[in-house]
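Asks: Pasting in a structure now, in structure tokens, and then I'll have a few things to ask.
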Amino acid sequence: MTLKIPRYDINREPFMTEIPDFNRESKLLQTERAHKARIIAAIPLTKEETLFRIQIVDPKSRELFSFLPGQFVMVEVPGCGEVAISISGSNSNNEYIELCIRKVGKVTSMIHRLKAGTMVGIRGPFGTNFPMREMNGANVLLIAGGLGIVPLRSSIFWVNEHRQDYKDVTILYGARNPDLLLFDYQYEEWRKVYGLEMLTIVEEPNDSWDGPVGLITQLFDQMPIDPDDTFAVVCGPPVMFKFVCGRLSEMGIPRQRMFVSLERRMHCGMGKCCRCNVGSTFTCLDGPVFDYWTVMNLQEAI
């Protein structure tokens with residue numbers, strides 16, 4: 001028996017007039033698309049942290065990419081995996097994205113081996129943000145412990161670029177030792193050019209350190225705070241929140257005007273892997289930024 005294959009009459013019935021959407025591009029959310037990006041600079045900051053400047057290749061996508069302080073992206077190394085990283089640059093910079101990455105696992109260790117010119121994938125931005133506009137007309141405390149200065153840095157850029165919108169802005173930054181203080185080359189610029197107050201403290205001083213020694217909460221003794229006209233942004237290890245936010249609460253700042261980031265819980269960015277959930281809350285979707293009153297009611301959040 002001869003198998004007859006039906007033929008299409010192209011003059012009568014159009015065939016394949018539209019290209020099939022094999023990759024579901026028309027249905028993908030913006031955050032599900034991976035931007036092809038290139039590392040244009042890798043700047044070592046410490047033995048474990050490197051500041052990467054990453055540029056989205058497509059000029060149109062690069063121009064349209066935008067984020068707010070506190071958000072994060074997923075960085076993909078093809079064949080290795082992807083990891084959630086907080087954005088630490090200025091959201092007014094459309095040329096490249098700044099990501100400070102600590103070498104702690106398989107993917108981040110691989111990223112640290114990459115050099116300028118290497119291609120990676122970028123998805124995002126994801127998550128909630130620090131409500132910087134809500135703080136207009138008030139005093140702002142920006143408080144960071146250790147690697148917490150990374151997500152906080154985007155807020156520092158924000159207040160620098162909108163300095164006229166805020167009253168007194170104070171940065172409090174603590175680290176284990178002086179060698180672990182990140183972005184120290186910018187401190188004088190923040191102080192002298194933008195008029196920000198900045199206080200640093202370390203737990204383990206070296207011979208060259210002449211600043212205060214101890215826990216970051218000790219810095220509150222050096223500054224007056226108007227609790228009725230002050231907002232606080234706190235980034236760092238979750239254990240730090242209890243002490244810092246507890247001290248701020250004692251000083252009269254409402255918990256609803258303190259904002260913390262649970263960025264260390266980020267994984268897939270879309271709430272699909274369930275590794276970021278705290279109870280019924282998915283910090284990838286509902287966070288990573290929360291007011292402290294909400295965090296206090298999230299069991300095991302900190």
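The values are calculated or read from the model by the stated rules, or taken from the named source; none is laboratory data. Predicted model only: the values in this text are computed from it and were never measured. As a convention, Cβ positions derive from the backbone with ideal geometry for all residues, glycine included, and neighbour counts pool all protein chains shown.
Asks: Read through the list (1) within 18 Å of the chain's Cα centre (by Cα); (2) among the hydroxyl-bearing types (Ser, Thr, Tyr); (3) farther than 21 Å from GLU161 by Cβ, then give the number of the only condition that SER109 fails.
Replies: SER109 satisfies every listed condition except (1).
Asks: Taking LEU147 as the residue in question, decide whether it is among the aliphatic types (A, V, I, L, M) and either part of a helix (DSSP H, G or I) or assigned by TED's automatic domain parsing to the domain that holds GLU188 (or both).
Replies: The answer is yes for LEU147.
Asks: Only one of these conditions is not met by SER208: (1) surrounded by fewer than 17 Cβ atoms within 10 Å (Cβ to Cβ); (2) out of contact with any strand residue (DSSP E or B) (no Cβ under 9 Å at 6 or more places or on another chain); (3) within 24 Å of PRO254 (Cα to Cα). Which number is it?
Replies: (3)
Asks: Counting just the residues of region 78-98 that are in contact (Cβ under 8 Å) with a residue 60 or more places away in the chain and in a loop (DSSP other than H, G, I, E, B), which one comes out farthest from LEU147 (Cα to Cα)?
Replies: SER92
Asks: Looking at ARG123 and the list (1) in contact with a His (Cβ under 8 Å, 6 or more places away or on another chain); (2) of a type in the set (Lys, Arg); (3) closer than 25 Å to LEU181 by Cα, which single condition is not satisfied?
Replies: (3)
Asks: Being in contact (Cβ under 8 Å) with a residue 60 or more places away in the chain and within 17 Å of PHE259 (Cβ to Cβ) is the filter here; which residues of region 158-182 pass it?
Replies: TRP158
Asks: Can you spot a residue in region 238-247 that is surrounded by 14 or more Cβ atoms within 10 Å (Cβ to Cβ), modelled with pLDDT under 80, part of a helix (DSSP H, G or I) and among the charged types (D, E, K, R)?
Replies: No - not one qualifying residue is present in region 238-247.
Asks: If you don't mind, another one. Scan (1) among the aliphatic types (A, V, I, L, M); (2) surrounded by 22 or more Cβ atoms within 10 Å (Cβ to Cβ); (3) more than 25 Å from ILE54 (Cα to Cα) for the single condition ALA138 breaks and write down its number.
Replies: All conditions pass for ALA138, except number (2).
Asks: Can you pull out every residue in region 28-83 that is of a type in the set (Gly, Ala, Ser), surrounded by fewer than 15 Cβ atoms within 10 Å (Cβ to Cβ) and touching a Lys or Arg at 6+ places or on another chain (Cβ under 9 Å)?
Replies: Matches in region 28-83: ALA41, GLY81.
This table checks each residue for (1) closer than 20 Å to VAL159 by Cβ; (2) at pLDDT 90 or above; (3) in a helix (DSSP H, G or I).
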site: GLN186; (1), (2), (3): yes, yes, yes
site: ASP207; (1), (2), (3): no, no, no
site: THR217; (1), (2), (3): no, yes, yes
site: HIS267; (1), (2), (3): no, no, no
site: CYS273; (1), (2), (3): no, no, no
site: LEU285; (1), (2), (3): no, no, yes
site: LEU298; (1), (2), (3): no, no, no
site: ILE302; (1), (2), (3): no, no, no
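Asks: Check region 100-113 and report whether any residue there is part of a strand (DSSP E or B) and among the aliphatic types (A, V, I, L, M). Let's see the steps before the verdict.
Replies: First pass over region 100-113, keeping only residues part of a strand (DSSP E or B): 100-102.
From the residues that got through so far, the ones that are among the aliphatic types (A, V, I, L, M) too are 101.
Yes: region 100-113 contains one or more residues that are part of a strand (DSSP E or B) and among the aliphatic types (A, V, I, L, M).
Residues checked against (1) in contact (Cβ under 8 Å) with a residue 60 or more places away in the chain; (2) under 26 Å from VAL202 (Cβ atoms); (3) in contact with a strand residue (DSSP E or B) (Cβ under 7 Å, 6 or more places away or on another chain):
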site: LEU68; (1), (2), (3): yes, no, no
site: HIS112; (1), (2), (3): yes, yes, yes
site: ARG123; (1), (2), (3): yes, no, yes
site: ILE156; (1), (2), (3): no, yes, yes
